[in-house]
């Protein structure tokens with residue numbers, strides 16, 4: 001687990017968030033409220049739709065998007081993010097968190113169940129760190 005977690009507030013600008021992620025070499029930032037209570041998370045994936053602004057998907061992608069309602073809804077959600085200016089507009093909330101007392105196996109189970117690459121780690125709702133898939137792999141390597 002890393003204790004040095006990049007945090008933002010939901011009123012932070014998208015521009016500032018992108019700069020911070022790049023400067024820190026981070027793939028995500030935890031969005032916190034007062035007293036470090038976790039409110040959400042913003043990942044590179046949440047920010048990628050910003051590149052979609054004014055872009056029409058090519059034919060193959062458009063056909064795939066239009067095939068069924070879930071694809072259309074996902075596309076519209078992502079397209080909405082293209083005009084975002086604040087973190088609150090693109091962050092994932094609520095976010096799955098790991099409790100500091102969970103085992104590595106339990107954290108890995110949450111990651112897999114929710115399709116997450118990283119989990120904020122909390123103690124009594126307050127952010128204390130971040131666990132990533134790489135952290136899980138390190139734990140596995142230390143036992144083999």
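Listed values, structure above:
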| item | result |
| --- | --- |
| Residues that are touching a helix residue (DSSP H, G or I) at 6+ places or on another chain (Cβ under 8 Å) and either under 18 Å from residue 99 (Cα atoms) or assigned to a loop (DSSP other than H, G, I, E, B) (or both), drawn from the stretch 8-28 | 9, 10, 11, 12, 26, 27 |
| Selected residue (criterion: farthest from residue 122 (Cα to Cα)) from residues of the stretch 35-51 that are under 12 Å from the mean Cα position of the chain (by Cα) and assigned to a helix (DSSP H, G or I) | 48 |
| Scan of the stretch 39-52 for residues that are over 13 Å from residue 91 (Cα atoms) and either modelled with pLDDT of 95 or more or exposed (fewer than 15 other Cβ atoms within 10 Å of the Cβ) (or both), ordered by number | 51 |
| In the stretch 102-127, residue nearest to residue 36 (Cα to Cα) [restricted to those that are touching a strand residue (DSSP E or B) at 6+ places or on another chain (Cβ under 8 Å) and surrounded by fewer than 16 Cβ atoms within 10 Å (Cβ to Cβ)] | 126 |
| Single residue of 16, 36 found to be modelled with pLDDT of 65 or more, surrounded by 11 or more Cβ atoms within 10 Å (Cβ to Cβ) and in contact with a strand residue (DSSP E or B) (Cβ under 6 Å, 6 or more places away or on another chain) | 36 |
| Residue check, residue 84 at pLDDT 70 or above, surrounded by 14 or more Cβ atoms within 10 Å (Cβ to Cβ) and either at positive phi or out of contact with any strand residue (DSSP E or B) (no Cβ under 9 Å at 6 or more places or on another chain) (or both) | yes |
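Yes/no per residue for (1) in a helix (DSSP H, G or I); (2) under 17 Å from the mean Cα position of the chain (by Cα):
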| position | (1), (2) |
| --- | --- |
| 95 | no, yes |
| 102 | no, no |
| 108 | yes, yes |
| 112 | yes, yes |
| 119 | no, yes |
| 127 | no, yes |
| 131 | no, yes |
| 134 | yes, yes |
| 141 | yes, no |
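The values are calculated or read from the model by the stated rules, or taken from the named source; none is laboratory data. Remember, predicted model here, so these are calculated numbers, not experimental data. Neighbour counts run over all protein chains shown; Cβ positions are idealised from the backbone, glycine included.
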